[in-house]
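The values are calculated or read from the model by the stated rules, or taken from the named source; none is laboratory data. Just so we're clear, the structure is a prediction, and the values are computed from it rather than from any experiment. Cβ atoms come from the backbone with ideal geometry, glycine included; neighbour counts cover every protein chain shown. Note: areas computed on protein heavy atoms with side chains; ligands, DNA, RNA excluded. Shrake-Rupley method; radii C 1.70, N 1.55, O 1.52, S 1.80 Å.
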Amino acid sequence: MAQKRRIDDTRGGTSATGANDIPRKRRKETSETDAQLRKIYDELANEVSEVRLKAAKRLILLLFSEHEADPETTDKVLVRLIRGLCSSRKGARFGFSVALTETLRNLYSGQKEGRSLTKSDLGELIDRVTSLTEPEGSASSQAVLTEKMDHAFALEILTSLCARGLAKTPEGVAIWLTAVSLFPNLQLPSGVWQKQDPLNSKNRTALAQIMRGGQVANPEIVQSMKSNVGTPQSTPNFAWKIVFASLIKAQKHLPLDHAESLDTDFAKFWLEAVDHGLFASSSSPERKSLGFHILTNMIDEAPGWALRTVFSPNLMRCIINQRNSAERYLHEAAKLPLDHVLSRVKHEPGLASVFVQTLLVSGRDDLNLDRTTQSRTIEGCLALADSTAVSEVTTFLRPLILRPSTADKAEKWRQTIADLLLAAVRGHQQRSPEPQTGAIDENHIWIPVFELLIECAYCDPTSSASAAAARVPPMSADSSKMFKSRLLSCLTHVIFTMRDDSVFYPYFVVCQIRDCTGSEDLELSFRGDKMVRKAIKRSHKILDQIAQERGDNVFTRKQEPTSSARRQAALRAFKLLYSVTLIQAYNEEPDAIAILDELETCYTSRAEKGPHDENSFTLLVEVLLSYMAKPSVLFRRLAEQVFGTFASELTADSLQSLLDILAKKENLGGQQELFDQQNDEEDTGDGDTDDVEEASDVEVSSLGRRSSGTDSEEHSEEESEEESTENEADTSDASIDEAEPADDDEVAKFEALLRQTLRTETGDSADDSDGSDMTDTQMTAVDAHLSQVFRQRSQQLRKKTQHRDARTTIVNFKNRVLDLLLLYIRQESASALALDLILPLLALVRETRSRQVATRAAGLLERYFNTCGKRKAFPRPPEPAAVRELLRRVGEEAEERRASKAHANVCASASRFLEKVLLRLGTE
């Protein structure tokens, strides 16, 4: 009873301690801040986004206003916000996540001292979020239960498929493989697949037939379900991707070469299901179209080792046949995979080697696959390749050059491969025209390409060479010449896009040529006499001295050269000149040794007397002019680059040597005077015809002789057009301006001479006799006179052609001299020596018969006048009387007869310019 009484007393609110005692929990007071926070928490869970955002804003103001909340309150808010992330109430997860993000941003904004977020703070925060959001109790039992339910569900699906006879359909195979991938320990239904694996080799034929839409399931069930299995598919079934993905995943190692990749289950199934099934010769266009779609999917997703097998024989035969003619049914469909190849390589440049090797190997011994398929697939892959891929492709192409599959195709194969290498260099420079800077090492992207070209162009295998270096059949003289041409073309593209390092590749080439004699397998094919070899040896010695002073060698560049910047620029120019001229010497060019001697004289004179030696610079200008006279973009741009380096050192004599060229007559006599040619019958343009046809960096005028031929020559023409400047582009216009009188007059004279000859020999009018009553004696006399007439006609035509070619040569040479003068004007417009340009250029505008030359000369003067005006830097000659005399002679030039309107305009501009010069001289 006493115990019951005590319980009743407790329920009544009394205890032994007294009636006034109240539990501590009921005496807790709620602050105003807590009330606000509860309301904010409730609104953060609201389903309306505006309400949630306003609540988050009030929370931030409450915690980080002027009266900042104490750390304890902030910590409680963080705990509440983190826990709210797992709440399933209304929009709590959205609202609490926004509030927590803003709270952390303000808390660790770094605006106040000690508030920046450190790595340790971040680690503690992550651990706190993990601990507060971890569900209570053990989750392992729930996971096990879920896994068991998933297994049971997957097994039920597979059992149902087998019961309905759908396990051996494309969809059934996809579901089976997906279930096995998700649940490796699943107890699979028995009796469906051998070893319960659709990908097993014993199931390969059946699986291939299923994927192609063949009827393999229970015929009765299929008929009862009115299945449409076997109908044509416009797009691949999704099961194709799952099957190929499973085959790729099953490959435990990545094959290193093409031979290993062909032995995989993936490759064997591809041949069975796709190559032999969809691209057989008897396959319908619908099946082949389906195969092209499957191939496109593989190109987009398959790894590199699998890509080596997808371009199988029947598939490549189909692509080539369909792309051969635009009338083919699948002509455009066959181009889709090739387009996706370029897209894949663009995102993964390292795969360029895989695609190039696979396509060339699978192309039925057709290295010119781009031409066959009317695409740019191979060239595009090479243009997008990275350094590793370029090296791998070069290694792959080397044995194809040295040992072509058939001897009768050797020349064609070698030329095609050389064109591919040139296309790779050209494509990269077009894609990445920005200057490349930094040190160059032996792993640079173009090193393997140049090494291969040098080996083929300048080296022969020794008598004790290994089998790998043997050439079957031997390299012909034409092939060696072609490789030299392609090497110069590659240099043309690389030199003038690398800026600071542009001198590297020419120097590398000459060093490689010189050092090839140190190899056990190779020897230098160059056979020069003793004097030539001695001159080359001296030049190499000087070149090595220049490289040492510049502080660089073949592969590296020191950061701190030992000479001044101006001296470095001069050394770089001489190094470039020596390197390119030595390449010409190895090419056995007739004037290369003479140019090397002149360069040696010029370099030695500058080294002894300094940069102000006028004789050395005059000799250097003569060397540059000899380069400008060559029909090559490489030598023209080389001369321009070197001239720009030494433009500030131009002397009056050197300038006069340039102006003398502009004063030459534009005819055969002017050409003979300019190039010291004495024989009128000498052919001035045919000597290098073969080189022009082969070398892709050769500039050819529209009237120049060019034989139509191989695709490589067409690529060469395209390259020449891309790199030539406006003076080459307008050569045809210049030739039109200078055309001889109409050929109709010549033909009329020739016909009159024929009639006169016939009347003289027969004694009758040519109109009254058809020659049928002529005697043998008369016929013999007529034949002799006709031979003489035709001989005279041939001589006239040859002389006319010589005059036309000579005129074109002089016009082109004048254009190139104007290019050099333009470089001088850009750099030295304020020089008093530049005033000497005015009168010769005015005379050129008036006297030339080429509109192009006249326009360029007038434009050069206008550029000179405008440059001085914009820079506000006019020439300051020592004597104003010389300027006044020049102004007077300009006035006389303007009064010349037969002057054009353009000549009058530029004379007026020259007069105004000279008046400004005089005014500034008077002011000073």
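Is it fair to say L177 is open to solvent by less than 30 Å² (accessible area, probe 1.4 Å), in contact (Cβ under 8 Å) with a residue 24 or more places away in the chain and in contact with a Ser or Thr (Cβ under 9 Å, 6 or more places away or on another chain)? Here the answer is yes, as L177 does meet what is asked. Of all residues being assigned to a helix (DSSP H, G or I) and open to solvent by 100 Å² or more (accessible area, probe 1.4 Å) in region 524-544, which is farthest from A477 (Cα to Cα)? Just the residue, please. So, considering only residues that are assigned to a helix (DSSP H, G or I) and open to solvent by 100 Å² or more (accessible area, probe 1.4 Å), the one farthest from A477 (Cα to Cα) is K541. Figure legend. Inter-residue proximity from region 470-496: first residues on the phi < 0 side of the Ramachandran plot, second residues among the basic types (K, R) and not in a loop (DSSP other than H, G, I, E, B), beta-carbon distance below 7 Å, spacing 6+ or different chains. Indicated pairs: S479/R414; H493/R426; F496/R637. In region 158-216, how many are within 47 Å of the chain's Cα centre (by Cα) and small (G, A, S)? Here the count works out to 9. Of all residues in region 317-338, exactly one satisfies the criterion of being without any contact (Cβ under 8 Å) to a residue 12 or more places away in the chain and in a helix (DSSP H, G or I), namely N321. Scanning region 153-174 for residues that are open to solvent by 70 Å² or more (accessible area, probe 1.4 Å) and within 23 Å of D265 (Cα to Cα) yields one hit, E171.
Taking (1) over 29 Å from I242 (Cα atoms); (2) open to solvent by 20 Å² or more (accessible area, probe 1.4 Å); (3) under 20 Å from the mean Cα position of the chain (by Cα) in turn, S325 satisfies each apart from (3). Scanning region 847-859 for residues that are assigned to a helix (DSSP H, G or I) and surrounded by 21 or more Cβ atoms within 10 Å (Cβ to Cβ) returns Q852, V853, A854, R856, A857, A858. Only residues that are more than 19 Å from A857 (Cα to Cα) and surrounded by 11 or more Cβ atoms within 10 Å (Cβ to Cβ) were counted across region 889-924, and they come to 7. If you go through region 870-883 and pick out every residue that is in contact with a helix residue (DSSP H, G or I) (Cβ under 8 Å, 6 or more places away or on another chain) and either more than 16 Å from D836 (Cα to Cα) or surrounded by 14 or more Cβ atoms within 10 Å (Cβ to Cβ) (or both), you end up with 6.
In summary, T601 fulfils each of the numbered conditions (1) modelled with pLDDT of 90 or more; (2) crowded, with 18+ Cβ neighbours inside 10 Å with the single exception of condition (2). For first residues located in region 851-879 and under 20 Å from H903 (Cα atoms), partners that are among the acidic types (D, E) and lie 6+ apart or on another chain with Cβ distances below 8 Å form the pairs R851/D733; R851/D737; Q852/D730; Q852/D733; Q852/D737. Taking every residue in region 890-905 that is without any contact (Cβ under 8 Å) to a residue 60 or more places away in the chain and pairing it with any residue that is among the β-branched types (V, I, T), at least 6 positions away or on another chain, the pairs with Cβ-Cβ distances below 8 Å are V890/I838; S900/V845; A902/V845; A902/T855.
For region 443-459, the count of residues that are at pLDDT 85 or above and farther than 20 Å from F396 by Cα is at least one.
Taken as a whole, region 528-545 holds no residue that is among the small types (G, A, S), under 26 Å from the mean Cα position of the chain (by Cα) and at pLDDT below 90.
Let's see how each residue does on (1) at negative phi; (2) at pLDDT below 90; (3) touching a helix residue (DSSP H, G or I) at 6+ places or on another chain (Cβ under 7 Å); (4) open to solvent by 80 Å² or more (accessible area, probe 1.4 Å):
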| position | (1), (2), (3), (4) |
| --- | --- |
| S227 | yes, yes, no, no |
| G230 | no, yes, no, no |
| H253 | yes, yes, no, yes |
| E260 | yes, yes, no, yes |
| F279 | yes, no, yes, no |
| K288 | yes, no, yes, no |
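Checked across region 584-595, the condition of being under 24 Å from F483 (Cα atoms), in a helix (DSSP H, G or I), modelled with pLDDT of 85 or more and among the polar types (S, T, N, Q) holds for at least one residue. Just one residue in the set V98, V77 is under 50 Å from the mean Cα position of the chain (by Cα), at pLDDT 80 or above and within 24 Å of L59 (Cα to Cα); that residue is V98.
Selection over region 860-902 of residues that are part of a helix (DSSP H, G or I) and among the acidic types (D, E) gives a count of 4.
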